[in-house]
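The values are calculated or read from the model by the stated rules, or taken from the named source; none is laboratory data. Since the structure is predicted, the reported quantities are computational estimates derived from the model, not experimental observations. Note that each Cβ is placed from the backbone with ideal geometry, even for glycine, and that neighbours are counted across all protein chains shown.
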Amino acid sequence: MIDHLRGRLAGGGKDFVVVECAGIGFRVHVSASTRNELPPDGETCFLRTHPHFRDGGADLYGFSSETEREIFLAATGVSGVGPKSALAVLSVLGVSGVLAACAREDAVAFTRVPGIGKKLAQRIAMELPDRLRKVSVEFSPAVAGVGDAPPSAPEAEAAMALVALGFSRTEAQVAVSASRREIGGDPTAEVLVRQALKRLSPPRHG
């Protein structure tokens with residue numbers, strides 16, 4: 001299994017990019033949010049990946065964060081949701097939007113995705129939260145940004161530090177918010193960073 005790619009961004013289209021690694025160009029399907037987070041063509045990029053095998057070939061999907069990949073995998077486990085639909089969900093709602101919808105079990109949010117009707121949206125809203133819980137993805141209202149107070153100064157500082165290490169902004173904010181709840185009280189930014197790093201996979205670079 002190809003877990004990730006690190007290489008030169010060599011162009012792409014609306015929903016895919018080409019990552020050149022050791023002279024080989026990998027065509028990787030990505031969400032709109034991930035596409036927007038990538039550097040300009042010609043620069044080095046890092047994508048977590050998941051290969052999907054089908055009759056007649058295989059497709060490679062790429063993600064800007066481990067949380068985005070977990071959401072994709074969990075969504076494809078819902079009956080009626082294939083890889084393209086799961087990627088469409090992430091393109092329309094983004095990671096934070098999916099987490100917020102899961103926190104509310106909001107089927108209406110998923111109907112905004114082209115190709116997902118009312119019945120399938122209801123199934124996603126019911127099943128996706130349970131699937132995400134099984135892989136320890138946090139999506140409580142506090143983490144998803146639903147009715148939560150603004151982040152404290154240490155939280156904001158810790159999130160900025162994680163972004164500087166190579167994590168996406170959403171991934172950093174989710175990890176820091178969850179870490180603060182776990183620790184309790186008023187931890188310093190340094191403490192929050194250490195705890196958040198325990199929750200996150202190794203950071204991307206470049």
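Structure notes:
- When each of ALA149, ALA75, ALA100, ALA86 is tested for being in a helix (DSSP H, G or I), hydrophobic (A, V, I, L, M, F, W, C) and modelled with pLDDT under 95, the lone residue that passes is ALA100.
- Residue within segment 179-191 that is under 19 Å from the mean Cα position of the chain (by Cα), part of a helix (DSSP H, G or I), more than 13 Å from SER65 (Cα to Cα) and not assigned by TED's automatic domain parsing to the domain that holds LEU47 present: yes
- Residue in segment 116-126 that is at pLDDT 80 or above, surrounded by 15 or more Cβ atoms within 10 Å (Cβ to Cβ) and not in a helix (DSSP H, G or I) present: yes
- Test: LEU60 is in contact with a Pro (Cβ under 9 Å, 6 or more places away or on another chain), among the aliphatic types (A, V, I, L, M) and in a strand (DSSP E or B): yes
- Close pairs from segment 101-120: first without any contact (Cβ under 8 Å) to a residue 12 or more places away in the chain, partner part of a helix (DSSP H, G or I) and surrounded by 20 or more Cβ atoms within 10 Å (Cβ to Cβ), Cβ under 9 Å, at least 6 apart: THR111/ALA121
- For segment 101-115, filtering for residues that are under 17 Å from GLU70 (Cα atoms) and surrounded by fewer than 20 Cβ atoms within 10 Å (Cβ to Cβ) leaves 1.
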